[in-house]
Each structure stands twice: as C-alpha cells, then as structure tokens.
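For reference, the structure discussed in these notes is given below.
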Amino acid sequence: MLLDSASLYFRAFYGVPDSVRSPDGQPVNAVRGLLEFITRLVHDHSPTHLVACWDADWRPQWRVDLIPSYKTHRVAADAPAEGAEEVPDQLSPQVPVIAAVLDALGIARVGVPGYEADDVIGTLATAATTPADVVTGDRDLFQLVDDARGVRVLYPIKGVGSLQLTDEAFLVEKYGVTGAQYVDFAVLRGDPSDGLPGVVGIGEKTAAKLIAQYGTLADIQAAAIAPDTKLSPAQRKRLTEATAYLAVAPKVVAVATDVPLPTFDPTLPHEPLDPITLEDLTERWGLGTPIKRLLDTLAEAGA
C-alpha cells in the first residue's frame, strides 16, 4: 500500500475540526486525522507493506522548466523566490510532527530530492512484484492502474472509509480510457489545479473520443496534419497550435518510474520502531487515542 502522504494529510486537515488541539493548544487535526486514516486503511485492507510517500520536492524544477505554469498558483505569495508551497498556517507546523510520528512508528516514509511523492509512488508501483494499492486524492495517479499487474488506486470519497476502487473497468466506464492511456487523456484535457492548460476546446469527452479513434497522442497529432483524417478543421487548428505544449506536457504529467530510491524497509510494522520517542511524541501532542488505535491495529495485523 502506497500512501500519497500530502494528499491524505491535507484531506485530514480539512476533514477534522481545528479545535482538535495538543495539550498546549496547538492544532493537531491533520496529525490525528492521518493516524486515523492509516488505522482504517490497515484494518480494512490488510496490507503486508506500507509506504508513506513524501513530497521531497512538491514542484520539481525539471517540470517547471518544461511548463512554467506548472503549479504556479500554489506558490506562496509571500515567498515566491523560494517557491514554497502555499500551505494553511495551521497545517505547516503539523507536517514535521507527522513525519516524526511515522518514523517512530516504523512506517516507511520515502521522499527523494527533485521528485514529488507521485514519482516515488510511480517507481514503487512499477517495480512491485505483488499487487499494489495507491491511496491518493490525485487523479493523475490513475495512469498507474494496471489490472494485469494488480495495481489499483483507492481514491477517497469521504475520508478513507469510503474509497472509490479505481481499476481498468472504472476508468473505461468513467473516462473512456485505460490506465495506459490516461496520460495522453490528461494532457489533452488539461488540469487547472496543476497549471496544465490542455488543448483549447478539448475536454474530457473529446479527449477520450480522439484516443478511442486514433490510439495515442502521437497518432492524434499525426492525424491533425494528415489530409485524409476525419478531424474537423477546428480540431486540426487547435491541435496544431498546441504542438509546443504537446511536445512537453506528457513528460510533466507522466510520473517518473526510475526515481533513485534510498534503502528502506516497507514491511508493515507490528510494534513501534522507537517506542520511547513515540511515547514522548504522544504525550507532547496529545495523541494518546489515535496512537493506541493504530498500535492495536498494527499488532492485530501481525497476529
């Protein structure tokens, strides 16, 4: 099980009231919410391995070099030079706490400089020799869905107790494309939340129709300049005008599958790796109830 950690702790932050505080009054709603998420995921899905994939670089320069608008709207207005992500003031201080708690628990936490968590997930899912569940609220990771290899996405609807099980059948029914076609589909459609413009005039339905008709993005571009295809003049014009964008966008949208990962143990822990530190963190941040639930669930998984 591969966790898109930031996606989940953002969801926890907004899903748990900020009135949930530590003994000294600091917000811990994201911390507690994420711990409850993990407890529920382990209980419901019984993973043998669990990796909290981390955004060591939430907006890698190599992606920005290809498409300068990539995630531009998420850059904090008061720190544009550093390119820091705009994160709610009450969430930022909780992220190091989340990291410390996961480390003390012994849950593998993996991030690599120059790469997003998506890239870590892509590398691990591609290399997995067992079925793999990706837990994320990011549709871009639908590109990893592969029934033959047992890779699916668990997409939270309401917390992690209500998950959309995303496999090939779901993708075909919902979007008209397979996991292998999803990058081309996303490139054509665009994604305002990531600063990807897409091709003007091509939405989800048209993108899926073009892929069904011609196969790949390269084939669609070839059809745009071939005189004997059924593309309308307007579609030809739009696709041709988007040539520069289409040349680089697939590299931005596609997750990396060759990230140089550090050595780590992804085995689901059944007892804390560092119980003393975990006890200190539990007391310091008032995490007694969620930590106990998670430890009980991990122990039950081991039994």
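Remarks
- Relative contact order of the chain, pairs being alpha-carbon contacts under 8 Å that are 6 or more residues apart, as %: 24
- Base-10 log of normalised Debye intensity for region 1-145 (one unit scatterer per alpha-carbon) at q = 0.09, 0.20 Å⁻¹: -0.30, -1.36
- Compared with the direct C-alpha span, the chain from residue 206 to residue 241 gains 10.9 nm at full extension, assuming 0.36 nm per residue.
- Percent of C-alpha pairs per 10 Å bin, region 232-303, short to long: 14, 23, 15, 15, 12, 15, 4
- Per-residue ³J(HN,Hα) for region 134-151, Karplus 6.51 cos²θ - 1.76 cosθ + 1.60, θ = phi - 60°, Hz, x for Gly and Pro: 9, 9, 7, x, 9, 5, 4, 6, 4, 4, 8, 4, 8, 4, 4, 9, x, 9
- Projecting the Cα atoms of 48, 143, 178 onto the dipole axis of the chain, where Lys and Arg carry +1 and Asp and Glu carry -1 at the beta carbon, places 178 farthest toward the positive end.
- Of every Cα-Cα pair in the chain, the percent that sits beyond 25 Å: 53
- DSSP-defined antiparallel bridges as percent of all bridges, the chain, nearest 5: 45
- Flagged links, alpha-carbon separation over 22 Å, of 71/209; 209/237; 71/158; 71/251: 71/209; 71/158
- Anchor residue 174: aspartates and glutamates whose Cα lies under 15 Å away (excluding residues fewer than 8 positions away in-chain): 140, 204
- The convex hull of the Cα atoms of region 57-215, projected and averaged over all directions, covers 11.5 nm².
- For residue 257, no residue whose modelled amide H falls within less than 5 Å of its own remains once neighbours fewer than 5 places apart on the same chain are excluded.
- Principal axis extents of the Cα atoms in region 26-102, from largest to smallest and rounded to whole angstrom, are 42, 32, 18.
- Label-to-label distance, nm, for residues given as residue 301 and residue 191 (7 Å Cα→Cβ offset): 2.6
- Inter-site label distance for residue 72 and residue 261 at 7 Å from Cα along Cβ, in nm: 3.5
- Over the chain, DSSP H runs of length four or greater, each weighted -39,500 (n - 2.57), average out per residue to a 222 nm ellipticity of -14000 deg cm²/dmol.
- With a Förster radius of 22 Å applied to the beta-carbon distance between residue 164 and residue 46, the computed FRET efficiency rounds to 0.70.
FYI, it's all coordinate maths here, none of it is from the lab. Since the model is a prediction, treat every value here as computed from it, not as a measurement. All Cβ positions, even for glycine, are placed from backbone atoms using ideal geometry, and neighbour counts span all protein chains on display.
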